[in-house]
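The values are calculated or read from the model by the stated rules, or taken from the named source; none is laboratory data. Only a predicted model underlies this, so the values are computations on that prediction, with no experimental measurement involved. Cβ coordinates were reconstructed from backbone atoms using ideal geometry, including for glycine residues, and neighbour counts include every protein chain displayed.
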Protein chains: 2
Amino acid sequence: MSYTAPVKDMLFAIEHLARIDQVAQIPGFEDAGLETAAAVLEECAKFNEGVVAPLNVEGDKNPSAWKDGQVTTTPGFKEAYRQFAEGGWQGLQHPTDFGGQGLPKTIGAACGEMINSANLSFALCPLLTDGAIEALLTAGSDALKATYLEKLISGEWTGTMNLTEPQAGSDLSLVRTKAEPQPDGTYKIFGTKIFITYGEHDMADNIVHLVLARVVGAPEGVKGISLFVVPKFMVGADGSLGARNDVHCVSIEHKLGIKASPTAVLQFGDHGGAIGYLVGEENRGLEYMFIMMNAARYGVGVQGIAVAERAYQQAVQYARDRVQSRPVDGSVAGAAAIIHHPDVRRMLMTMRAYTEGCRAMASVAAAAYDAAHHHPDAQVRSDNAAFYEFMVPLVKGYSTEMSQEVTSLGVQVHGGMGFIEETGAAQHYRDSKILTIYEGTTAIQANDLVGRKTSRDGGQMAKAIAAQIEKTEGELTASGTAAALAVAQRLAAARAAFLEVVDFVAGNTKAQPNAVFAGSVPYLMLTGNLVAGWQMGRALLVAQAKAAAGEDLAFMQAKVATARFYAEHILVKASGLRDAIVHGGESACALPLEAF
Amino acid sequence: MSYTAPVKDMLFAIEHLARIDQVAQIPGFEDAGLETAAAVLEECAKFNEGVVAPLNVEGDKNPSAWKDGQVTTTPGFKEAYRQFAEGGWQGLQHPTDFGGQGLPKTIGAACGEMINSANLSFALCPLLTDGAIEALLTAGSDALKATYLEKLISGEWTGTMNLTEPQAGSDLSLVRTKAEPQPDGTYKIFGTKIFITYGEHDMADNIVHLVLARVVGAPEGVKGISLFVVPKFMVGADGSLGARNDVHCVSIEHKLGIKASPTAVLQFGDHGGAIGYLVGEENRGLEYMFIMMNAARYGVGVQGIAVAERAYQQAVQYARDRVQSRPVDGSVAGAAAIIHHPDVRRMLMTMRAYTEGCRAMASVAAAAYDAAHHHPDAQVRSDNAAFYEFMVPLVKGYSTEMSQEVTSLGVQVHGGMGFIEETGAAQHYRDSKILTIYEGTTAIQANDLVGRKTSRDGGQMAKAIAAQIEKTEGELTASGTAAALAVAQRLAAARAAFLEVVDFVAGNTKAQPNAVFAGSVPYLMLTGNLVAGWQMGRALLVAQAKAAAGEDLAFMQAKVATARFYAEHILVKASGLRDAIVHGGESACALPLEAF
């Protein structure tokens, strides 16, 4: 099943919702306007459609394999990765100082979606490398930067994030991996890390592991965790590769999905100690790791959008081809393609609306990231940073949860054929299941949304967003079309539900923590639903104006129809979520533990 | 991961909701009271926990395999099936005239849940055999009954349903398999059938295929379809097995789940014609097939409940064992078992409440089936038949859709471990995905609910159920406890939403078929949600009375807490569904086909 990058839809979001014209006014991004975006996206589409997408099914059938400590990736991956690196795709958003292209995330996020739609398993390697680059850029010494950044940004080497241990998953305070300081300023690292994505593979010459460990004598808990660089091969002063470091892949996992992506168990220090280099200061590792995590969380959210898009394309194709039953409205005399059936239409529209809504949300968040990091005005930076921080758990949590509903519908559209592995619809369903788990489960995102993003500022940012949504409602109402009014009405209802919940959350996190946190995931779902719906409303305003002007009529009318569908079928879930959150906290925790 | 049958919960539903005391007043069921139910369920639990459940993981790792037309089932299946047959489990609900035990479905359904929880793949073989038995009982000639029924009911032979062909899935009017009448009264059958569950295997001496085919010269469409018995081995007058019939398994499918269940492609008549025996009259095949289908649809609904229960048990176990993070309420000083965390509690409660609600609904439907088929009073029979018919799409559609949400939560509770196949949580997620597809997709169930079950009688049965629900609300309100009032309030709101939808559906099916059918699946979900919630309300009334009397306090309090959770977290979805159905029909079908 081929993949066609939705370049036009991405550019619509980039131009009209993320407002790339404003991003291009930021110093350093002068050349990164719409034209550049279009050119980069076209090139990126060509590469991913032609080189990466065809390997997706192969990766599922012929996963990465481990033998004697070596991991062999799916046939074709190594060559595709070489082309990826040579094309400069790893460096897209990274600083030109180290060989990157310095493009804004507003453009980079769309490219990220493409590679993930093309091949979720393949795309994970660059995604993790991005995280390692971010961590080194933020906290690495000049020496570390000089040694590693260019090679990572060029794609010559790849990066990993080593957080999880058997007893330490969501709870990193339980990390036990040990770092012993050496006289030469390096550390010897000992311990076991699990679930390490691309922790071992054959696609690059070196692997740069970013590892959380506890320096001997450090405080217990999260305040005693430091971050280290542990290269697979030692690196000489001239950048040449030296001896093998004492980090070894002892096995990889047999997983439900993303089978081509090797998930490694790494053993550090079984042969005398792995040599590690401290990143930043001792005991601040978790702080630095959160930089990697935040980049990766956004990236995983984009993975959700990406796999949803791929599942949607495949379902549409099947629905056009498969002939079965007469339409209920008698519009076709005999059996018709199932895309004529209202329930199939509802399923496809649900898939489409979710995907477009989350793409729009992610695109707007990316623009805020660019402003937060690069805008010359400090106030603008900090406003955008606060907005972006609020968006990260939504992009990660909501887009990945929706991807599971969308890929499930993708199987359902295929009927019995969907259950047959050769059809390929089931792969998306299996692949997507990891997205709500890694880089922080949905519950972890929801904790973040409740704690750091809502309660901490008494709900201020949440309410500021609600105020912006109200403004969009006003514009929709003023425009007066039936579609705009339908969306405005559902937005207003969902926003009212949201505000009730924000007051409940902000007001009760300390007094009734169980009740509030029992509603944390529903709160995340309500908020993601609303914010994506808001962007659909904004898209509708642009599209109906363009349609009225006769510009690209079919495309613009489809935008309007999809926005209306989103409002009438998805936004309407808000009131039920509100009720469950505000009134259901007690019953969620009422059953005594022994009664389960 | 072991399985413990929830015998106590099943008996609660059987005694207090399905009211087995009333079933036991029906002539022929005098001995099938609560005591019998308890004894049968205990025995059934022992068998399924001990013999069938341990084969579940093995079946996934080591699926049925095809070679040269033969299918070898998972090691252990053959012996377990022998014990199943010897235990008389196949005959549980079937007539004593043919060697069955003649027990009511009220008891049989609970046994069906157990074997499916134990092993969905294994249980499919008896499930399909039940369908074949039903069809022969209803429409088979005395000769066919004499030849096949005892052997099927004893479990010596197994049965299949041959409906689907490559071009004919949901749309059986497209069936092309051909039947040529022979001078001796038999038919020669030619054609290809796909997706035939246990179409070939090594667990029984003979396989009795029930096959839809078109007699040469029959009318086009569904009115020209007849039903045939096609045995794998010919059967002599004395019941002995003779020559191999011309039906051959040419391959089995490579599937997402239920891997141990062989899904066969069967080729009829490639070597001169398979000998078939007409069941009932020519051209009435679809009618008879619906008898099998209705039995099987109910059975698949029970599969949904069963896999949800198994996933719940596994998730609870993991949540008790896995230690991670401090509870937000400070109730434990250090890291605690994750069952202490509110979001994990919410997930487990969601799994539990859905499962209990659907079990209660299925149990009540089973009692209606018993009365519909066996009550001496014709009016009672027809009232119960109408109620049962309304329940079938709900039991099938709602219980299977919920099973996918529940098994997905089951993976989520496990975090990263859930994505690792060895953990076993992912198997339930994969297995459950077929349940919304086979024996009629959720959309097919929803069409049935809209067309035959709601529009045809102008919404009368739907409103009669609403009136019963209102009565339960009154009892809840009268009882005056906080839990009862909370449930009564949500039931009333959901019922109001339901009634709006019923009026919309009954009033517009002809005038606006697209709008109504676009809302058909949401209508099914709303109705299933409400009816299961109603049963939770009834359960609460019984349980709080018993708790007040000090009877089995912990169990009864858990019932009350679960019912309240169901109302506050699940019933509250009703209003959003109502809005989508009543107002979203147009937007669901607004996008032109070419715009997808």
**Prompt:** Scanning segment A:540-564 for residues that are within 19 Å of A:Val7 (Cα to Cα) and not in a helix (DSSP H, G or I), which turns out farthest from the other protein chains (Cβ to nearest Cβ)?
**Reply:** A:Glu551
**Request:** Hey, could you check segment A:277-326 for residues that are at negative phi and among the hydroxyl-bearing types (Ser, Thr, Tyr) and say which is surrounded by the fewest Cβ atoms within 10 Å (Cβ to Cβ)?
**Result:** A:Tyr277
**Prompt:** Taking segment B:298-323, which residues are at the interface with chain A (Cβ under 9 Å from one of its Cβ atoms) and either in contact with a Ser or Thr (Cβ under 8 Å, 6 or more places away or on another chain) or not hydrophobic (A, V, I, L, M, F, W, C) (or both)?
**Reply:** B:Tyr312, B:Arg320, B:Arg322
**Message:** Filter segment B:324-357 down to the residues that are acidic (Asp, Glu) and at the interface with chain A (Cβ under 7 Å from one of its Cβ atoms) and list them by number.
**Reply:** B:Asp329, B:Asp343
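Within segment B:370-384, is even one residue within 10 Å of chain A (Cβ to nearest Cβ) and either in contact (Cβ under 8 Å) with a residue 24 or more places away in the chain or outside any helix (DSSP H, G or I) (or both)? Give the steps one after another, and end with the answer.
Applying the first criterion (within 10 Å of chain A (Cβ to nearest Cβ)) to segment B:370-384 yields none.
Scanning segment B:370-384 turns up no residue that is within 10 Å of chain A (Cβ to nearest Cβ) and either in contact (Cβ under 8 Å) with a residue 24 or more places away in the chain or outside any helix (DSSP H, G or I) (or both).
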**Prompt:** What about A:Glu281, is it within 14 Å of chain B (Cβ to nearest Cβ) and of a type outside the set (A, V, I, L, M, F, W, C)?
**Reply:** no
**Message:** Against the conditions (1) in contact with a helix residue (DSSP H, G or I) (Cβ under 7 Å, 6 or more places away or on another chain); (2) more than 30 Å from A:Lys546 (Cα to Cα); (3) charged (D, E, K, R), where does A:Glu475 fall short? Just the number, please.
**Reply:** (2)
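Just checking, how many residues over segment A:91-128 are under 19 Å from A:Val392 (Cα atoms) and of a type in the set (S, T, N, Q)?
Taking segment A:91-128 first, the residues under 19 Å from A:Val392 (Cα atoms) are A:93, A:104-113, A:116, A:124, A:127-128.
Checking the rest, the ones that are also of a type in the set (S, T, N, Q) come to A:93, A:106, A:116.
So the answer is 3.
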**Request:** Count, please, the residues in segment A:187-218 that happen to be more than 17 Å from A:Tyr288 (Cβ to Cβ) and not polar (S, T, N, Q).
**Result:** 17
**Asked** In segment A:548-596, which residues are surrounded by fewer than 19 Cβ atoms within 10 Å (Cβ to Cβ), over 25 Å from A:Leu485 (Cα atoms) and of a type outside the set (A, V, I, L, M, F, W, C)?
**Response** A:Glu586, A:Pro592, A:Glu594
**Prompt:** Can you name every residue in segment A:419-428 that is touching a helix residue (DSSP H, G or I) at 6+ places or on another chain (Cβ under 8 Å) and at the interface with another protein chain (Cβ under 7 Å from one of its Cβ atoms)?
**Reply:** A:Phe419, A:Ile420, A:Glu421, A:Ala426
**Item:** Answer from B:Lys67, B:Lys78 - the residue that is surrounded by fewer than 19 Cβ atoms within 10 Å (Cβ to Cβ), of a type in the set (Lys, Arg), in the same structural domain as B:Ala109 (by TED's automatic domain parsing) and touching a residue at least 60 places away in the same chain (Cβ under 8 Å)
**Value:** B:Lys78
**Asked** Residues of segment B:134-171 being within 14 Å of chain A (Cβ to nearest Cβ) and free of Cβ contacts under 8 Å to residues at least 60 places away in the same chain, which ones?
**Response** B:Thr164, B:Glu165, B:Pro166, B:Gln167, B:Ala168, B:Gly169, B:Asp171
**Asked** Got a sec? Which of B:Ala567, B:Ala574, B:Ala580, B:Ala590 is at the interface with chain A (Cβ under 7 Å from one of its Cβ atoms) and either touching a residue at least 12 places away in the same chain (Cβ under 8 Å) or in a helix (DSSP H, G or I) (or both)?
**Response** B:Ala580
**Asked** Just a yes or no: is a residue in segment A:6-14 touching a Lys or Arg at 6+ places or on another chain (Cβ under 6 Å), of a type in the set (Asp, Glu) and buried (at least 21 other Cβ atoms within 10 Å of the Cβ)?
**Response** no
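Residues that are within 23 Å of B:Pro166 (Cα to Cα): find the strands (runs of 3 or more DSSP E) completely inside segment B:180-291 holding 1 or more of those. It would help to see each step written out before you state the result.
Numbers: elements: B:187-197, B:207-215, B:226-231, B:233-235, B:241-244, B:247-252, B:263-268, B:274-279.
Of the strands (runs of 3 or more DSSP E) lying wholly inside segment B:180-291, those with at least 1 residues that are within 23 Å of B:Pro166 (Cα to Cα) span B:187-197, B:207-215, B:226-231, B:247-252, B:263-268, B:274-279.
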**Request:** For segment A:190-218, enumerate the residues that are among the hydrophobic types (A, V, I, L, M, F, W, C), more than 14 Å from chain B (Cβ to nearest Cβ) and farther than 20 Å from A:Glu282 by Cα.
**Result:** A:Met203, A:Ala204, A:Ile207
**Message:** Suppose the filter is within 25 Å of A:Ser382 (Cα to Cα), within 14 Å of another protein chain (Cβ to nearest Cβ) and touching an Asp or Glu at 6+ places or on another chain (Cβ under 9 Å); does A:Ala492 pass it?
**Reply:** no
**Request:** Counting only residues that are among the small types (Gly, Ala, Ser) and at pLDDT 95 or above, give me the helices (runs of 4 or more DSSP H) lying completely in segment B:59-178 with at least 1 of them.
**Result:** B:77-86, B:105-118, B:120-139
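Limited to segment B:491-505, what total is found for residues that are out of contact with any Lys or Arg (no Cβ under 8 Å at 6 or more places or on another chain) and more than 20 Å from B:Glu475 (Cα to Cα)? Steps first, answer last, please.
Narrowing segment B:491-505 to residues out of contact with any Lys or Arg (no Cβ under 8 Å at 6 or more places or on another chain): B:491-496, B:503-505.
Those left that are additionally more than 20 Å from B:Glu475 (Cα to Cα): B:503-505.
Residues in segment B:491-505 being out of contact with any Lys or Arg (no Cβ under 8 Å at 6 or more places or on another chain) and more than 20 Å from B:Glu475 (Cα to Cα): 3 in total.
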**Request:** Among the residues of segment B:430-450, write down those that are within 7 Å of chain A (Cβ to nearest Cβ), closer than 30 Å to A:Pro262 by Cβ and not hydrophobic (A, V, I, L, M, F, W, C).
**Result:** B:Lys433
